[in-house]
Amino acid sequence: MKSTLAPGIRLITSFSRDSWYRGFILLLTFLFYTAYHLSRKPISIVKSELHRNCSTVIRPADLNITNNVTWCDWPPFDQDNYQTLFGVLDNSFLVAYAIGMFFSGIFGERLPLRYYLSFGMLMSGLFTCLFGLGFYWNIHSLGYYAFIQVMNGLMQTTGWPAVVACVGNWFGKGKRGFIMGVWNSHTSVGNILGSLIAGVFVSSAWGMSFIVPGLIIASTGILCFFFLVEIQMSSENGETEPLLHSSSNADRTINGAISTEPQEIVEEHTEAISFCAALSIPGVVEFSLCLLFAKLVSYTFLYWLPLYISNVAHFDPKQAGDMSTLFDVGGILGGVMAGLVSDYTGGRATTCCVMLVAAAPMVSMLLVCGGLVNGPYALITTAVSADLGTHESLRGNSRALSTVTAIIDGTGSIGAALGPLLAGLISPTGWNNVFYMLITADILACLVRNTTLCFHYSL
């Protein structure tokens with residue numbers, strides 16, 4: 001009896017080389033940004049360990065301490081103003097991230113994305129580990145931790161414009177909403193993994209809650225250096241081939257080898273665009289403002305939800321961290337749903353509006369709220385950014401995508417910085433007031449979209 005071709009081999013060979021390249025790039029960039037978010041999450045988990053209700057903690061017999069309230073806290077977070085100090089740490093990262101994002105896209109257009117991403121992930125890993133080493137070096141200086149947060153915030157800006165530019169270069173506009181909705185689940189997957197990894201170590205040695213994620217993102221930086229192909233081109237036989245970053249259109253990669261001969265199909269416009277030119281693209285300003293309020297809500301949950309659960313529900317730090325992942329599970333579902341709906345209806349703006357309206361009364365339901373808030377957030381930062389970055393007014397300039405993405409996400413990051421700051425200021429007056437603030441921001445996000453684009457502009 002003659003053996004037939006193995007089913008697995010038939011499955012593998014049924015996909016074209018183009019499909020394998022696209023799938024490989026999608027998987028790589030998914031892993032890269034999962035690592036970025038994984039390394040951001042530990043601070044929200046560790047907060048409840050840095051300041052605890054020590055009267056409920058069993059004190060070691062050989063520890064001679066008279067203060068039963070703060071003996072187990074980590075100075076300087078053992079003071080009554082600990083929430084303000086946590087706000088300083090959050091905003092050290094987020095303000096640096098918001099400012100740096102506007103410049104990151106400019107660098108991303110002018111530098112090879114493979115080098116840019118690799119450098120960013122290695123440096124993010126370094127600063128994440130340095131934060132955790134403060135535990136082992138017994139550092140109690142707020143300035144030290146704030147400085148680490150600032151530097152980490154700047155390094156983290158290398159990620160988003162670069163990965164969106166890579167995916168936008170490899171995937172067309174037809175089903176971009178669904179593809180990027182699935183792909184953008186890396187944000188929530190990273191948050192979930194970051195919470196679970198940090199939760200393993202938080203009660204025993206919280207420094208490892210940072211060191212392990214730091215080593216993970218540094219490892220993905222090495223992976224990026226060896227394997228990322230940042231852009232595609234079409235060869236003479238119609239096959240999709242990888243293209244190396246070059247200042248000249250003449251340098252192309254054909255069948256794995258570098259060719260300096262000009263090819264038949266080349267980009268018409270590859271010069272980097274200016275910041276003002278990117279702002280003039282229809283929809284960039286409006287979607288940027290919408291994302292500002294959406295990220296305000298999302299990042300308030302990201303940085304304060306575990307502490308809220310710990311304080312209100314009286315869970316221990318690990319349980320609070322595990323419970324907070326429900327918001328991110330909803331975010332995965334919401335991102336995919338938003339992508340599917342926007343592809344089917346052809347209206348990115350309308351999809352955002354409907355989901356934001358529905359999110360306002362849902363802020364007390366973690367899973368549902370995570371889907372409705374992160375759905376528009378995911379859609380704007382991925383499919384919308386990619387659509388605008390390849391707008392017809394750019395006349396085929398693929399290098400503009402990084403700058404457009406940086407402008408939109410940079411504006412959104414201002415909201416990401418404001419949310420945790422306002423939460424830190426408002427929470428002493430009562431957690432209910434924090435949720436009122438989140439509801440207001442969610443409504444404003446919808447109003448921005450509704451009054452400017454919903455009825456006049458559809459991507």
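The values are calculated or read from the model by the stated rules, or taken from the named source; none is laboratory data. Computed from a predicted structure; not experimentally measured. Ideal geometry is used to build each Cβ from the backbone, glycine not excepted, and the neighbour counts take in all protein chains shown. Ligands, DNA and RNA are stripped out before the accessible areas are found, and what is left, the full protein with its side chains, is counted by its heavy atoms. Shrake-Rupley method; radii C 1.70, N 1.55, O 1.52, S 1.80 Å.
Before moving on, here are some points about what is shown:
- Listed residues W137, W183 arranged by accessible area, highest first, probe 1.4 Å: W137, W183
- Exposure ranking of V202, V88 by accessible area [1.4 Å probe, largest first]: V88, V202
- Listed residues E109, E286 arranged by accessible area, highest first, probe 1.4 Å: E286, E109
- For the stretch 277-352, the square roots of the Cα gyration tensor eigenvalues, ordered a ≥ b ≥ c, give a/c of at least 1.5 with a/b no greater than b/c, which places it in the oblate category.
- Sites V312 and L133 - FRET efficiency at Förster radius 25 Å, r taken between beta-carbons, to 0.05: 0.20
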